[in-house]
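Student: Mind looking over this structure? Questions follow.
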Amino acid sequence: MKRRSWAEPYKIKMVEPIRMTSREERERAIAEAGYNTFLLRSQDVYIDLLTDSGTSAMSDRQWAGMMRGDEAYAGSRNYYSLEAAVHEHYGYKHLIPTHQGRGAEHLLSQLCINPGDSVPGNMYFTTTRHHQEAAGGSFVDVIVNEAHDPASEHPFKGNVDLDKMRSLIERVGAERIPYLSLETNVNMAGGQPCSMENIRAVCALCHEHGIPVYLDATRAVENAWFIKQREAGFADRTIKSILLEICSHTDGCTMSAKKDSLVNIGGFLAVNDDALAERARNLVVVYEGLHTYGGLAGRDMEAMAIGIAESVQEDHIRARIGQVEYLGLRLMDAGVPIVRPIGGHGIFIDAARFLPHIPRERFPAQALAAALYVDSGVRSMERGGVSAGRDPETGENIFPSLELIRLTLPRRVYTQAHMDVVAESVLDLHEHPEQVQGLEMVHEPEHLRFFQARFVPMVPASASCGGIAAQSVRP
Ligand code: PLI
């Protein structure tokens, strides 16, 4: 049969010009940014794949919703639209809006974690773990081993390893586990989904021991897409019904609406437990705002309510993940080492294999992100040793098994031609990896260091006068 192409289920009615810079300009910009792509000015970036968080293009319907913002301090009608959308699509009983996902994580951690508790999760996420530790808990990774192997083709690398969960319960006792934080389409593993079978089984195990399960629902819609594609029995189900079923097994969620829900700002905590909801409403007023706005404008809540409904439309999610797949296949076909299978929100390049000459202490992923920017103005993000930070007990650098850069695709923003430009730049670097040198960290913030750390490049031995293999060029 003749191949028929698919295209995005929208047309473009407003554009935002972007600027290509010269290589000299980019070399200057990255040096000024301390070789950290978070510290670049966006005006110096050509194609911005730093994150899919808050970077989506809103629809005309969402913009129309913004005009219906009810900016009353209390009881805004937009809160009730959002509450209805969360009930309909996520199914939880109580909604507490927050300014973004970490606001919800903060509330949940403060409300549920006691000092000395263990908080299991299917791989850490930076802000989530930070709030768990700030509340006195220790994060325990219970994800399947395949998640740590970039080459494994396991279709559900986000799954929880039930044996790891069981042995944690045996080791510390269920009463020292305030909840399991279950992330859908696990970000740090490369946007890898959990299967419904695993979600059902792990929730049953936890509930047997009286341990609640809170979903990190940030990319649950993308997870639902993979369940539909890969898990027997789901091919004919709607994304909407799969999402509802995922949530129905759990006790609540933290949510960064800046991803799946197609808004530039917003998040929420949603729970079924009446008493916990009451405590969360008491705490949200301290940190975020009244319980009917949680740090958001009325118009933001309206855009979120509409975005939630758009996010589960089949043609939307097919095009969103299809674009990620298009870029991934271009890189894979050319032999670039990327995390397999291709994930939901971006392509994760295995920087340790891409740059085998750079030792982990010299942050190969950070170096690759900087080099890609210099080559083409494409901004990506480090997801390796810099993001992992230090062990809170020993103070030693954590070097996770995955040393990645993430090319993250904003939703509904870039075209296939942009993807081609990105792919060509990565392929050029892949042909000449020796051009990229390692980095030395010269400024290290105390919390979430990857956002603001600064680096200087190492120069190869031949270019330095010392007898050591490489030395840094400090400013
Ligand atoms: O950026 P926030 O505070 O709205 O959400 C925090 C957050 C929680 N969970 C997960 C899985 C995330 O991916 C997440 C934020 N992610 C960002 C900013 C990212 O670039 O991936």
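Student: Out of Leu180, Leu168, Leu205, Leu215, report the one residue that is at pLDDT 95 or above and within 12 Å of the ligand (Cβ to nearest atom). Show your work before the answer.
Tutor: Numbers: Leu180 fails: within 12 Å of the ligand (Cβ to nearest atom); Leu168 fails: within 12 Å of the ligand (Cβ to nearest atom); Leu205 fails: within 12 Å of the ligand (Cβ to nearest atom).
Step by step, each of Leu180, Leu168, Leu205, Leu215 is checked, and only Leu215 is at pLDDT 95 or above and within 12 Å of the ligand (Cβ to nearest atom).
Student: May I pose another question? What are the pairs with Cβ atoms under 6 angstrom where one residue, in segment 389-403, is touching a residue at least 12 places away in the same chain (Cβ under 8 Å) and more than 13 Å from Glu444 (Cα to Cα) and the other, located anywhere, is part of a loop (DSSP other than H, G, I, E, B) and among the acidic types (Asp, Glu)? Sequence gap at least six, or different chains.
Tutor: Ile398/Asp391
Student: In this structure, does Ala64 turn out to be away from the ligand (no atom under 16 Å from the Cβ), over 20 Å from Tyr214 (Cβ atoms) and free of Cβ contacts under 8 Å to residues at least 12 places away in the same chain?
Tutor: Values: away from the ligand (no atom under 16 Å from the Cβ): yes; over 20 Å from Tyr214 (Cβ atoms): yes; free of Cβ contacts under 8 Å to residues at least 12 places away in the same chain: yes.
Taking the combined requirement at face value, the residue satisfies it.
Student: Go through segment 125-160 and give me each residue that's assigned to a strand (DSSP E or B), closer than 13 Å to Cys194 by Cα and away from the ligand (no atom under 14 Å from the Cβ). Even if it seems obvious, please write down each step before you answer.
Tutor: If we filter segment 125-160 for residues that are assigned to a strand (DSSP E or B), which is where we start, we get 138-141, 143, 160.
This time we only want the ones that are closer than 13 Å to Cys194 by Cα, so: 143, 160.
The one that is assigned to a strand (DSSP E or B), closer than 13 Å to Cys194 by Cα and away from the ligand (no atom under 14 Å from the Cβ): Val160.
Student: Can you give me the number of residues within segment 238-262 that are more than 11 Å from the ligand (Cβ to nearest atom) and closer than 22 Å to Glu314 by Cα? Working first, answer last.
Tutor: Narrowing segment 238-262 to residues more than 11 Å from the ligand (Cβ to nearest atom): 238-252, 262.
Remaining after also requiring closer than 22 Å to Glu314 by Cα: 238-248, 262.
Summing the residues that are more than 11 Å from the ligand (Cβ to nearest atom) and closer than 22 Å to Glu314 by Cα in segment 238-262 gives 12.
Student: What number of residues in segment 11-56 are aromatic (Phe, Trp, Tyr) and within 19 Å of His345 (Cα to Cα)? Before the answer, list the steps.
Tutor: To start, the set of residues in segment 11-56 that are aromatic (Phe, Trp, Tyr) comprises 35, 38, 46.
When the remaining residues are screened for being within 19 Å of His345 (Cα to Cα), the result is 38.
Count: 1.
Student: Within the bounds of segment 209-227, is there any residue that is free of Cβ contacts under 8 Å to residues at least 12 places away in the same chain, part of a helix (DSSP H, G or I) and of a type in the set (S, T, N, Q)?
Tutor: Within segment 209-227, none of the residues are free of Cβ contacts under 8 Å to residues at least 12 places away in the same chain, part of a helix (DSSP H, G or I) and of a type in the set (S, T, N, Q).
Student: Which of (1) away from the ligand (no atom under 16 Å from the Cβ); (2) among the aliphatic types (A, V, I, L, M); (3) under 20 Å from the mean Cα position of the chain (by Cα) is the odd one out, the single condition Leu402 does not satisfy?
Tutor: Checking Leu402 against (1) away from the ligand (no atom under 16 Å from the Cβ); (2) among the aliphatic types (A, V, I, L, M); (3) under 20 Å from the mean Cα position of the chain (by Cα), the one that fails is (1).
Student: Within segment 72-117, can you find the residues that are more than 15 Å from the ligand (Cβ to nearest atom) and of a type in the set (Asp, Glu)?
Tutor: Glu83, Glu88, Asp117
Student: Let me ask another. For Val284, work out the one condition from (1) part of a strand (DSSP E or B); (2) touching a residue at least 40 places away in the same chain (Cβ under 8 Å) it doesn't fulfil.
Tutor: (1)
Student: Which count do you get for residues in segment 20-69 that are assigned to a loop (DSSP other than H, G, I, E, B), in contact with a Lys or Arg (Cβ under 9 Å, 6 or more places away or on another chain) and loosely packed, with under 15 Cβ neighbours inside 10 Å?
Tutor: Qualifying residue count, segment 20-69: 2.
Student: Only one of (1) surrounded by fewer than 18 Cβ atoms within 10 Å (Cβ to Cβ); (2) within 15 Å of the ligand (Cβ to nearest atom); (3) aliphatic (A, V, I, L, M); (4) assigned to a helix (DSSP H, G or I) fails for Ile265. Which number is that?
Tutor: (4)
The values are calculated or read from the model by the stated rules, or taken from the named source; none is laboratory data. These figures come from a predicted structure and were not determined experimentally. We place every Cβ from the backbone using ideal geometry, glycine too, and count neighbours over all the protein chains shown.
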